[in-house]
Amino acid sequence: MFPSLLLWGRVVSTAVALIYVGRENQLNVRPPRIERDIVVDGALTDSVWQQAAILTGFSEFSPHDGVAAADSTQVLVWYSPTAVYFGIRAFEAHGAVHAALADRDKISSDDNVQILLGTFHDHRQAYVFAVNPLGVQMDGTIVEQGQVLTGAWTPTLSGRVAPDLSQDFVFTSKGRLTDYGYEVEIRIPLKSLKFQAADAQSWDLNIVRQVQHSGHEDSWVPAKRSNNSFLSQSGSLDDLAGLSRGLVLDINPSITQKVTGGPSPSGWAYDRGSPQLGGRLQWGITNTLTLNGAVNPDFAEVESDAGQFVIDPRQALFFPEKRPFFLEGLEAFNTPHNLIYTRRVVQPDAAIKLTGKVAGMSVGLLSAADDRSLSPTGLDRAFYNLLRAQRDLGGKSRIGIAYTDRVLGSDYNRVADVDSRIVFGDVYAASFQAAGSFDKTAGLTRNAPLWEGQLARNGKEFGFRYIFTGISEDFLARSGFISRPGIVHAGVDHRGTWFGQRGSMLETLTGDFLLDDQWQYSHFFHQGDAQDKKLHLSCNAGLRGGWNVGAGFYVETFGFDDKLYAGYQIQAPTGEILPFTGRPRITNHDYVFTLSTPQWKKFNGNLLYVGGQDENFYEWAQADIDLIQLAMSVRPSDRARIEGTFDYQDYWRRTDHSLVGRNMIPRVKLEYQITRSIFMRLVGEYDLGRTDDLRDEDRTNYPLLVDGELATAVRDRSLHGDYLFSYQPTPGTVFFLGYGSQADGPPDPEQRFNWQPLRRASDYFFAKYSYLFRL
């Protein structure tokens with residue numbers, strides 16, 4: 001007679017009692033090796049599942065750790081020579097299961113189960129394979145670089161590093177709703193994984209379940225929130241033997257056709273160009289090392305970057321990588337301060353990339369050649385060579401190096417880096433970085449440093465972070481992204497968290513105290529005063545059911561930046577041109593409010609409001625400001641999703657309460673999932689910007705000139721739209737058909753914000769087809 005397992009009053013039969021209870025620290029799983037394959041249909045009725053190892057006894061991780069999970073979960077696991085199989089039974093006795101038919105990686109509002117596989121058994125990195133109750137997939141990687149508070153304005157205590165979902169892996173999953181909750185079946189082929197070369201090996205393993213009716217997160221391993229690393233607390237899959245990836249060779253040819261339109265003397269004209277042939281080849285040289293080569297590899301027009309506000313004009317805006325070739329293995333190129341930023345390679349004709357592990361060292365090597373038309377002369381080609389390598393130290397620490405080289409004609413830019421993170425006492429971490437840039441542009445050679453040191457404590461109830469950073473004004477990383485060079489930054493951040501009783505209305509209360517000073521790099525070494533000084537007091541309350549409410553009070557002072565205003569002058573009534581010297585220092589008092597709703601089945605939303613007094617960078621004066629960021633997701637059916645964002649900011653002069661500047665960006669995205677592999681998407685974004693005639697607000701009230709021109713009122717309006725039809729049965733096999741357009745507003749001297757007719761400025765049609773041959 002088969003032994004049985006009783007969960008929520010339901011008897012589950014098992015042929016072999018391979019039961020591992022997480023709460024009893026039975027974390028070393030020895031799954032059976034079974035020489036067969038099965039059809040993944042979402043029902044765990046095949047007889048092979050009766051032989052699987054069973055993982056149960058989950059613990060709650062968020063918001064409370066150390067207590068039994070309120071919702072029972074059972075995970076079955078076994079493996080064959082070519083794949084690992086997981087079966088999930090998720091019991092839900094407290095509320096309705098949240099499940100929708102969605103596009104890949106869009107299941108964060110659904111109930112879901114995440115499988116974390118650390119195939120190198122190093123407790124530092126892991127694959128993430130997640131599914132919702134209908135088997136819709138979410139996948140990516142986790143590379144732990146240190147725990148930090150999340151939330152840009154008020155502190156939200158995360159407890160673990162969020163996965164990077166930019167990569168897609170080939171695996172199979174199907175699921176279904178049941179009378180007790182939901183059931184999912186998963187097959188992960190070994191061809192989709194990199195892992196050790198040993199004949200018998202162990203992999204890190206944990207299972208995380210997100211329960212949307214309560215907003216809680218459960219973990220099979222009874223992990224502690226106070227630990228600096230979530231992955232280091234993983235269990236393991238042991239005694240894995242006879243694993244075979246076989247020949248890992250993916251050939252992914254593609255063809256792309258794009259037609260662009262724009263105004264011409266005869267009205268409207270289209271440039272059809274020629275179809276672009278390209279492709280990618282991926283070869284698994286060994287179990288641990290993968291080589292990728294590509295010709296005309298990337299296609300970035302699937303969805304445009306969302307508009308962003310320039311809050312501080314001294315800082316550059318960051319846009320994430322979206323192109324498939326660069327996303328694969330992107331975690332191997334992670335560096336502090338983004339010294340490697342693959343979007344610097346704009347339009348490569350050819351590229352090659354090597355990622356994986358060699359002799360215990362993680363390596364990433366990328367070489368690319370950009371199109372000649374992007375160079376200033378139109379004749380030179382930019383060549384990029386990017387290297388990142390990291391070696392583990394002890395149980396949780398690491399040391400890494402990076403080197404980037406960009407050559408354009410006789411010019412070059414090279415950056416060398418060494419960085420390390422040392423973890424001790426489970427909750428403490430110290431890190432440092434030292435880098436130098438070596439640049440030659442137009443015959444001028446400049447060498448400059450970047451350095452940083454950090455000390456952090458990630459306790460459950462008390463944490464801190466001390467940081468000291470310097471970036472020379474001559475530090476140039478033309479293969480990386482430095483938001484603002486020429487500064488020295490020192491920060492002291494203390495955080496305390498109180499946990500309420502389980503079941504109480506107030507589940508967590510986190511307070512944060514931040515002191516933050518920033519100097520101009522040259523002033524710091526001459527013992528000059530800090531240019532910007534900030535004191536932030538903020539808190540966040542996590543409420544029962546998944547609500548989060550935050551508040552903050554910011555006191556800041558900003559010093560005049562003569563470099564930012566080097567092109568400014570004052571025009572006196574007599575016509576005399578006067579220098580713009582600016583007010584030496586501006587003092588701010590800001591009030592912050594944040595609100596996040598639970599992930600309800602049909603709706604969720606987030607709100608940020610900042611009001612008070614802040615710097616008016618237009619005229620270097622104090623202003624009354626409003627900043628609003630609103631995000632909503634509405635799911636009217638299990639196939640439809642409407643996501644909307646509304647960003648708004650304004651600046652009002654304190655002298656006469658006139659409006660000096662205003663920006664608004666409403667954005668709406670509508671998606672309809674026809675099947676799991678077919679969806680349609682429509683995106684619309686309306687950008688509106690307005691500035692008044694600029695004047696010397698703090699001193700003379702005379703008009704301002706910028707670069708010799710009178711700074712008169714400006715109004716910008718544009719409407720951008722994207723439509724996409726997508727068929728993507730597996731990563732790499734896609735058919736895209738899309739249309740995009742932009743319309744701009746005519747000049748409006750009356751500066752009104754109303755819906756006047758827009759003029760079509762450009763549009764384009766595109767089609768792409770690619771097919772993944774997996775040999």
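Taking 20 °C and 1.002 mPa s as the conditions, I'd like the Stokes-Einstein D for the stretch 337-394 in µm²/s, using the Kirkwood hydrodynamic radius from alpha carbon pairs. Show your work: numbers first, answer last.
Numbers: Rh = 13.0 Å.
The diffusion coefficient I find is 165 µm²/s.
Taking Cα pairs under 8 Å and at least six residues apart, what relative contact order does the chain come out at, in percent?
9 percent
Label-point separation (nm) for residue 177 and residue 484, each offset 7 Å from Cα along Cα-to-Cβ?
5.0 nm
Pick out, in residue order, every one of the trypsin sites (Lys or Arg not before Pro) in the stretch 230-318 that is DSSP loop and has at most 13 other C-beta atoms within 10 Å; say none if there are none.
272
Tell me what the chain gives for mean residue ellipticity at 222 nm when only DSSP H runs of n ≥ 4 count, each as -39,500 (n - 2.57), the sum divided by the residue total, rounded to 500 deg cm²/dmol.
About 0 deg cm²/dmol.
Length gain on complete extension for the stretch residue 244 to residue 451, per 0.36 nm per residue less the alpha carbon to alpha carbon distance?
Working: separation 207, 0.36 × 207 = 74.52 nm, distance 4.42 nm.
Contour length minus Cα-Cα distance gives 70.1 nm.
Can you work out the Karplus-derived ³J(HN,Hα) for every residue in the stretch 617-625? Use 6.51 cos²θ - 1.76 cosθ + 1.60 with θ = phi - 60°, whole Hz, and x for glycine or proline.
5, 4, 10, 6, 8, 6, 9, 8, 10
Quick check: net charge around residue 284, other residues with Cβ under 10 Å of its Cβ, Lys/Arg +1 and Asp/Glu -1?
Summing Lys and Arg as +1 and Asp and Glu as -1 gives +2.
Given contacts defined as C-alpha pairs under 8 Å and at least six residues apart, what's the relative contact order of the stretch 538-642, whole-number percent? Each step should come with its number before you reach the end.
Numbers: 203 pairs, mean separation 23.5, N = 105.
The normalised contact order for the stretch 538-642 reaches 22 percent.
Could you order 627, 719, 247 by accessible surface area, starting with the largest, using a probe radius of 1.4 Å?
The residues order as 247, 719, 627, largest area first.
Quick one: compute a quarter of the convex hull surface over the Cα atoms of the stretch 298-409 and quote it in nm².
Its Cα hull, projected and averaged over all orientations, spans 9.3 nm².
I need the semi-axes of the equivalent ellipsoid of the stretch 432-561: take the C-alpha gyration tensor, multiply each eigenvalue by 5, square-root it, list largest first in whole angstrom.
They are 38, 17, 13 Å, listed largest first.
Can you work out the base-10 log of I(q)/I(0) for the chain at q = 0.07, 0.08 1/Å, using the Debye formula on its C-alpha atoms alone?
Evaluating at q = 0.07, 0.08 Å⁻¹ gives log10 I(q)/I(0) of -0.57, -0.76.
Between residue 506 and residue 529, 0.36 nm times their residue separation minus their Cα-Cα distance comes to what?
Stretched fully, the residue 506-residue 529 segment lengthens by 4.0 nm.
Classify the stretch 256-333: rounded, prolate or oblate, from the alpha-carbon gyration tensor (a ≥ b ≥ c, eigenvalue square roots; a/c under 1.5 rounded; otherwise prolate if a/b is larger than b/c)? Intermediate values should be presented prior to the final figure.
Working: a/c = 4.45, a/b = 1.31, b/c = 3.41.
Oblate is the answer for the stretch 256-333, as a/c is 1.5 or above yet b/c matches or exceeds a/b.
Within the set of other residues whose C-beta is less than 13 Å from the C-beta of residue 486, count the net charge using Lys and Arg as +1 and Asp and Glu as -1.
Here the charged neighbours net out to -1.
In terms of solvent-accessible area of protein heavy atoms at a 1.4 angstrom probe, what is the ranking of 183, 643, highest value first?
643, 183
In Å and whole numbers, how far do the C-alpha atoms of the stretch 61-140 stretch along each principal axis, longest first?
Ordered largest first, the stretch 61-140 gives principal extents of 38, 34, 22 Å.
Taking the dipole about the Cα centre of the chain, with the C-beta of Lys and Arg at +1 and of Asp and Glu at -1, give me whichever of 548, 433, 766 is farthest to the positive side.
766
Quickly work out the residue 513-to-residue 707 label distance, labels modelled 7 Å from Cα along the C-beta direction, and quote it in nm with one decimal.
4.6 nm
With a cap of 11 neighbouring Cβ atoms within 10 Å, and only residues DSSP puts in a loop, list the GluC sites (Glu not before Pro) found in the stretch 17-77.
35
Where the accessible area of the chain is counted over protein heavy atoms with a 1.4 Å probe, how much of it, in %, is carbon and sulfur?
58 percent
Using +1 at the C-beta of Lys and Arg and -1 at the C-beta of Asp and Glu, which of 129, 259, 621 has the Cα lying farthest in the positive direction of the dipole of the chain?
129
Pairs of alpha-carbon atoms within less than 8 angstrom and 6+ residues apart define the contacts here; what relative contact order does the stretch 511-591 have, in percent?
On the way: 130 pairs, mean separation 20.0, N = 81.
For the stretch 511-591, the relative contact order is 25 percent.
What size of dipole, in debye to the nearest 20, comes out for the chain about its Cα centre when the only charges are +1 on Lys and Arg C-beta atoms and -1 on Asp and Glu C-beta atoms?
With only Lys, Arg, Asp and Glu charged at Cβ, the dipole is about 1820 debye.
Efficiency by 1/(1 + (r/R0)^6): what FRET value for residue 699 and residue 152, r their Cβ-Cβ distance, R0 = 41 Å, to the nearest 0.05?
0.75
Using 0.36 nm per residue, how much length does the chain from residue 380 to residue 760 gain when fully extended, once their Cα-Cα distance is taken away? Let's see the in-between values first.
On the way: separation 380, 0.36 × 380 = 136.80 nm, distance 3.42 nm.
This chain segment gains 133.4 nm when fully extended.
Sticking with the crude label model, points 7 Å out along Cα→Cβ, report the distance from residue 640 to residue 672 in nm, one decimal please.
0.8 nm
Please list 230, 120 in order of solvent-accessible area, largest first, computed with a 1.4 Å probe with all protein chains present.
Values: 230 10, 120 40 Å².
From most exposed to least exposed: 120, 230.
First measure r as the distance between the Cβ atoms of residue 655 and residue 346, then evaluate 1/(1 + (r/R0)^6) with R0 = 45 Å and state the FRET efficiency to the nearest 0.05.
That pair, residue 655 with residue 346, gives E of 0.50.
Please give the per residue accessible area of the stretch 286-399, computed with a probe of 1.4 Å over protein heavy atoms only, in Å².
Per residue, the stretch 286-399 has an accessible area of 43 Å².
Using a probe radius of 1.4 Å on heavy atoms only, what accessible surface per residue do you get for the stretch 599-704? Whole Å² is fine.
That works out to 42 Å² per residue.
Report the local net charge at residue 231: Lys and Arg +1, Asp and Glu -1, summed over other residues whose C-beta lies under 11 Å from its C-beta.
Summing Lys and Arg as +1 and Asp and Glu as -1 gives 0.
Heavy atoms of the protein only, probe of 1.4 Å, neighbouring chains included. What is the accessible area of residue 664 in Å², nearest 10?
Estimated to the nearest 10 Å², residue 664 gives 40 Å².
Roughly how much of residue 220 is accessible, in Å² to the nearest 10, using a 1.4 Å probe?
0 Å²
Taking a temperature of 37 °C and a viscosity of 0.692 mPa s, what whole-number D in µm²/s does Stokes-Einstein yield for the stretch 490-646 with Rh from Kirkwood over alpha carbon pairs?
After rounding, the answer is 171 µm²/s.
Could you tell me the calculated FRET efficiency between residue 281 and residue 393, based on Cβ-Cβ distance and R0 = 35 angstrom, to the nearest 0.05?
0.50
Farthest toward the dipole's positive end in the stretch 567-659, which of 634, 594, 577, given Cβ charges of +1 (Lys, Arg) and -1 (Asp, Glu) about the Cα centre?
Most positive-ward Cα: 634.
Where the only charges are on Cβ atoms (+1 Lys, Arg; -1 Asp, Glu), what is the dipole of the stretch 660-775 about its Cα centre, to the nearest 20 debye?
860 debye
Could you pull out the trypsin sites (Lys or Arg not before Pro) across the stretch 608-713 that fall in loop regions by DSSP (anything but H, G, I, E, B) with no more than 16 other Cβ atoms inside 10 Å?
Listed in order of number, the matching sites are 639, 654, 699.
The values are calculated or read from the model by the stated rules, or taken from the named source; none is laboratory data. Computed from a predicted structure; not experimentally measured. Cβ sites come from the backbone with ideal geometry, for glycine too, and all protein chains shown count toward neighbours. Surface areas here come from the heavy atoms of the whole protein model, side chains and all, with no ligands, DNA or RNA. Shrake-Rupley method; radii C 1.70, N 1.55, O 1.52, S 1.80 Å.
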